[in-house]
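Below: the structure, in structure tokens.
The values are calculated or read from the model by the stated rules, or taken from the named source; none is laboratory data. All of these numbers come straight from a predicted model, not from anything done at the bench. Note that each Cβ is placed from the backbone with ideal geometry, even for glycine, and that neighbours are counted across all protein chains shown.
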Amino acid sequence: MPHQYKVIIVDDLNGLRGLDQEWNDIALPQKVAPWQSFSWIEAAATAFGRDQALRVITVRKDDRLVAIAPLMLKHRQQPLNPIQMEFLGGVELREPNGFVALDYASLEQLIAAVISEHAYPIRLFRIPRELENTHSIVTRFKQAGWLTPVMSMPYPYLALETNPIKKSLREDLKRARRKAEAHGKVMAEVVNPATPEALQEHLDNAFRIEGSGWKGENHTAITSDEHRKTFFERYAFSAWKDGTLRLSFLKINGTLVAEQYAIETADSYWLLNIGYDEAYRDCSPGNLLLEESIKYAAGNGLLRYNFLGTEEPWITRWTKTTHECFILAAYRLNLCGLIALCSDIGYSIIMRNKEGKTKAQSKRGR
């Protein structure tokens, strides 16, 4: 590594929090994807990193912070319980992730530093292919002797062009709105809390709505997992201070019936969480709020509406366009690497068998 570059590993929460200002200098929260912001990573470390070993790889040039890989060491919950290095909050949130760098030269130094971590297998979860270094990452891992399977896991998005909502869907939304109006006045709003107390009240309402239906029953709601709740609350307060948080609600006859937790940054709208009151399911309040938020995003001159998550049937009604992301599983041929590789192979076989049984049962049930 050229003499002006220096790699420093940050392995505790206080050390990470000390990077706040320097991080924002190279990744202004209003200009980067949410997962590249300091606010996102600090919230993830607070929520998910307490029982894990932080391993945030930083690169400095002439003592200036120029690149960051927000990683942690973690045991995977699968056969053999392997330990690996992965993005902070990557598996827990299942959203895209990425490195942060001032320029391409700094990014190259960061990739070299990550590759030099030989002790444990590395799993880089959902790196967007838009980054100019994605091909370089895979190639350089292979050149350094890592075994590197690559998997695809895209996220859907909607280009906010003229009339981005399909005509057939617009007709369905008109019918849903008529049903909603039969219950009373329909109103959507993006709230702008004036105080932390008001923000907390809005968050409590959003979490209550999301947890009131099938997500609560299936234990996938934010409030079903204390760690996830900590993340979304902490990130909301930081994003509110940054001016990027967008909390939206739909009211019918004065009653809150749907919510959205989103971020507006980098000329895009990033939808992180949605929920609706199933008592009003007949009038599709979640879809009505989606319509309003898409109009809001387009009206604000944003270029893209990112659904994030993964492709699901309800999303394909809005868009079939996806943004490619890849998962890189990198193994060294040492004990930890072999344990992780065997564990991943076993886990894949188990999951394929489960999927096969589910499909077979579905066919018999028709």
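Data overview
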read-out	value
Only one of GLY49, GLY90 that is crowded, with 17+ Cβ neighbours inside 10 Å, of a type in the set (Gly, Ala, Ser) and touching a Leu at 6+ places or on another chain (Cβ under 7 Å)	GLY49
Qualifying position, being β-branched (Val, Ile, Thr) and at pLDDT 90 or above, among THR230, THR220	THR230
Number of the condition not met by GLY15 [criteria: (1) of a type outside the set (S, T, N, Q); (2) part of a helix (DSSP H, G or I); (3) surrounded by 16 or more Cβ atoms within 10 Å (Cβ to Cβ)]	(3)
Residue in segment 40-47 that is touching a strand residue (DSSP E or B) at 6+ places or on another chain (Cβ under 6 Å) and either assigned to a loop (DSSP other than H, G, I, E, B) or of a type in the set (S, T, N, Q) (or both) present	no
Enumeration of residues in segment 178-227 that are touching a Gly at 6+ places or on another chain (Cβ under 9 Å) and hydroxyl-bearing (Ser, Thr, Tyr)	SER212, THR223, SER224
Residue list for segment 135-180, filter: within 30 Å of LEU335 (Cβ to Cβ), within 24 Å of the chain's Cα centre (by Cα) and in a loop (DSSP other than H, G, I, E, B)	THR148, PRO149, MET153
Evaluation of VAL56 against (1) free of Cβ contacts under 8 Å to residues at least 60 places away in the same chain; (2) outside any helix (DSSP H, G or I); (3) over 22 Å from LEU93 (Cα atoms) (one fails), failing number	(3)
Residue match in segment 67-75 (condition: among the charged types (D, E, K, R), free of Cβ contacts under 8 Å to residues at least 40 places away in the same chain and in a strand (DSSP E or B))	yes
Matching entry among VAL91, VAL114 (being part of a helix (DSSP H, G or I), without any contact (Cβ under 8 Å) to a residue 60 or more places away in the chain and either within 18 Å of PRO34 (Cα to Cα) or not assigned by TED's automatic domain parsing to the domain that holds ARG50 (or both))	VAL91
Residues (among the acidic types (Asp, Glu) and surrounded by fewer than 16 Cβ atoms within 10 Å (Cβ to Cβ)) located in segment 18-46	ASP20, ASP25
Any chance ALA119 is surrounded by fewer than 17 Cβ atoms within 10 Å (Cβ to Cβ), outside any loop (DSSP other than H, G, I, E, B) and modelled with pLDDT under 95	no
